[in-house]
Amino acid sequence: MGFSKNNAILSLTDKKEELPDMFFYLLNSSGDPVCFQRISSTSFHLNDQIMIIKLFPEPCYDKVKPTINSGLLKTKIVLYNNTTEKSKIDLTKFRENSGDEKQDDLETYSAIGIGRKLGDFYTVVCVVYMCRY
C-alpha cells in the first residue's frame, strides 16, 4: 500500500530551473530526523517512474552512524506545470487501484494527501511505497 501526498514549494516563477531543491527526511518513532537527501526539483519533472532514493545519515541528530545503515525511500514523484503540462501526466499511474475515481482526485482527496501547488505554476505529487533505515 502506498502513501501519497501533494506538497507545495511556493514559487514566484514558472521556470522549473529556478525551483528550489527538495529535501527528504526520514524520521524515527520519536520524530527525530535520522536520514535525509537533497535532490533538485527538476529531477522529478514529468517523471512517472518508481525511484529508489538513498538517504544519508542526519549528522545533527547522529542516530545513524555508518552511511551503509542509512535509509532508503521507494517512491514515485512527479513535478508538472499546471498551465502547460497537466495533460501530459496520468495521475492514475500513481494510484494502487484506479477504479471510478477521477484523475484529479489524487490531488485533492484528503485521505490520500493534501492538494498543494507551487505558486500557481507547479504541482508535486508524491507516492511513498516503502521507507526504512
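The values are calculated or read from the model by the stated rules, or taken from the named source; none is laboratory data. Everything numeric in this text was worked out from a predicted model, so none of it was measured. Glycine gets a Cβ as well: all are built from the backbone with ideal geometry, and neighbour counts include every protein chain shown.
Values computed for the structure shown
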{"read-out": "Count of residues meeting criterion [within 24 Å of Asp14 (Cβ to Cβ) and in a loop (DSSP other than H, G, I, E, B)] in the stretch 50-88", "value": "4"}
{"read-out": "From the options Thr92, Thr84, Thr123, residue that is more than 25 Å from Asp32 (Cβ to Cβ), among the hydroxyl-bearing types (Ser, Thr, Tyr), at pLDDT below 85 and loosely packed, with under 15 Cβ neighbours inside 10 Å", "value": "Thr92"}
{"read-out": "When residues of the stretch 54-81 are limited to those that are touching a helix residue (DSSP H, G or I) at 6+ places or on another chain (Cβ under 9 Å) and of a type in the set (Phe, Trp, Tyr), the one surrounded by the fewest Cβ atoms within 10 Å (Cβ to Cβ)", "value": "Phe56"}
{"read-out": "Inter-residue pairs, beta-carbon under 6 Å, first within 12 Å of Cys35 (Cβ to Cβ) and in contact (Cβ under 8 Å) with a residue 60 or more places away in the chain and in the stretch 60-78, second surrounded by 16 or more Cβ atoms within 10 Å (Cβ to Cβ) and of a type in the set (Gly, Ala, Ser), 6+ apart", "value": "Val64/Ser70"}
{"read-out": "Condition met for Lys15 (charged (D, E, K, R) and either farther than 17 Å from Leu79 by Cα or touching a residue at least 24 places away in the same chain (Cβ under 8 Å) (or both))", "value": "no"}
{"read-out": "Qualifying positions in the stretch 22-48 - under 30 Å from Thr84 (Cα atoms), assigned to a loop (DSSP other than H, G, I, E, B) and modelled with pLDDT of 90 or more", "value": "Ser40, Leu46, Asn47"}
